[in-house]
Amino acid sequence: MHGYSRSVIALLIPGVYAPQDDTALLAEALREEAVPPGARVLDVGTGSGALALTAARMGAEVTAVDVSRRAVWTTRLNAWLTRLPVRIRRGDLFAPVHGRTYDMILANPPYVPAPHTGGGPRGRSRAWDAGHDGRLLLDRICRGAPGLLAPGGVVLLVQSALSDPGRTVDLLRDAGLKAAVVRRRWIGLGPVLRSRADWLRRRGLLAPHETREELVVIRAERTC
């Protein structure tokens with residue numbers, strides 16, 4: 001684990017997405033929110049549990065969800081080792097919390113565009129690959145999250161500029177939320193994007209000599 005990972009989680013089971021720049025950017029946005037003690041927070045696609053633990057340290061009542069058994073066990077162990085109360089559920093996105101409402105929903109979903117190879121992502125690649133346009137889960141989150149927000153509730157979501165943040169903002173606005181990009185950060189291309197840089201350039205998603213990727217945090221609020 002690199003320095004950021006070690007600062008927020010105690011351990012990482014092999015095959016679970018390690019906290020990286022996108023996690024750090026979303027955690028910064030979370031810490032800027034006025035989260036009152038006892039606020040109900042849902043971390044969907046929790047991975048290592050880094051964001052869930054950050055919210056729990058702020059005094060929130062946190063539920064963390066992931067479809068991966070390894071991620072569920074990693075989050076459970078990290079919550080136990082840090083002595084932070086986090087409810088952990090295994091399941092597909094919002095299915096385990098159907099009918100509940102939250103004051104905040106956090107999401108760092110897979111968002112990397114991937115060449116079509118038949119079927120969906122498998123194994124470790126489920127943590128980052130998100131279909132031909134990178135929106136395999138982003139669109140589902142935009143459709144499902146608004147119905148789980150309490151009045152005044154907030155969605156904080158991080159994604160790459162390669163997977164069309166404008167569409168995310170538009171979908172959340174169409175659902176009646178006040179939505180905007182609130183944070184941006186350029187980072188160097190990681191191993192996955194470097195390996196498919198030529199494909200991304202052919203699709204016009206990456207400039208010919210671009211060696212960086214822009215990450216964005218989108219904030220959406222239910223105002224009534």
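Go through the residues of region 52-60 one by one and say whether even a single one is of a type in the set (G, A, S), touching a helix residue (DSSP H, G or I) at 6+ places or on another chain (Cβ under 6 Å), closer than 22 Å to R183 by Cβ and touching a residue at least 12 places away in the same chain (Cβ under 8 Å). Scanning region 52-60, I find no residue that is of a type in the set (G, A, S), touching a helix residue (DSSP H, G or I) at 6+ places or on another chain (Cβ under 6 Å), closer than 22 Å to R183 by Cβ and touching a residue at least 12 places away in the same chain (Cβ under 8 Å), so the answer is no. Remark: pairs (first residue in region 205-224, free of Cβ contacts under 8 Å to residues at least 24 places away in the same chain; second residue surrounded by 13 or more Cβ atoms within 10 Å (Cβ to Cβ); Cβ separation under 7 Å; 6+ apart in sequence or on different chains) = P208/R201; T211/L189. Just a yes or no: is a residue in region 147-167 more than 20 Å from L51 (Cβ to Cβ) and open to solvent by less than 10 Å² (accessible area, probe 1.4 Å)? No: region 147-167 contains no residue that is more than 20 Å from L51 (Cβ to Cβ) and open to solvent by less than 10 Å² (accessible area, probe 1.4 Å). For first residues located in region 80-100 and open to solvent by 70 Å² or more (accessible area, probe 1.4 Å), partners that are at pLDDT 95 or above and of a type in the set (S, T, Y) and lie 6+ apart or on another chain with Cβ distances below 7 Å form the pairs R87/T63; R89/T63.
R183 falls short on exactly one of the conditions (1) in contact with a helix residue (DSSP H, G or I) (Cβ under 8 Å, 6 or more places away or on another chain); (2) under 17 Å from D129 (Cα atoms); (3) charged (D, E, K, R), and that condition is (2).
Based on what the data block shows, is T223 more than 30 Å from G153 (Cα to Cα), open to solvent by 20 Å² or more (accessible area, probe 1.4 Å) and touching a strand residue (DSSP E or B) at 6+ places or on another chain (Cβ under 8 Å)? For T223, the condition - more than 30 Å from G153 (Cα to Cα), open to solvent by 20 Å² or more (accessible area, probe 1.4 Å) and touching a strand residue (DSSP E or B) at 6+ places or on another chain (Cβ under 8 Å) - is not met.
Would you check if there is a residue in region 209-217 being touching a Gly at 6+ places or on another chain (Cβ under 7 Å), aliphatic (A, V, I, L, M) and more than 30 Å from G99 (Cβ to Cβ)?
No: region 209-217 contains no residue that is touching a Gly at 6+ places or on another chain (Cβ under 7 Å), aliphatic (A, V, I, L, M) and more than 30 Å from G99 (Cβ to Cβ).
Every test in (1) under 23 Å from A18 (Cβ atoms); (2) without any contact (Cβ under 8 Å) to a residue 40 or more places away in the chain is passed by R183 save one, and that test is (2). Total residues in region 189-212 satisfying the condition of being in contact with a helix residue (DSSP H, G or I) (Cβ under 9 Å, 6 or more places away or on another chain) and over 17 Å from P115 (Cβ atoms): the figure is 4.
For A114, indicate whether it is at pLDDT below 90 and touching a strand residue (DSSP E or B) at 6+ places or on another chain (Cβ under 8 Å). It is true that A114 is at pLDDT below 90 and touching a strand residue (DSSP E or B) at 6+ places or on another chain (Cβ under 8 Å). If the condition is being within 30 Å of D103 (Cβ to Cβ) and not charged (D, E, K, R), then region 174-208 contributes A175, G176, L177, A179, A180, V181, V182, I187.
The values are calculated or read from the model by the stated rules, or taken from the named source; none is laboratory data. Just so you know, these numbers come straight off a predicted model, no measurement behind them. Backbone-built Cβ (ideal geometry, glycine too); neighbour counts: all protein chains shown. To get the accessible areas, we keep the full protein, side chains included, count just its heavy atoms, and leave off ligands, DNA and RNA. Shrake-Rupley method; radii C 1.70, N 1.55, O 1.52, S 1.80 Å.
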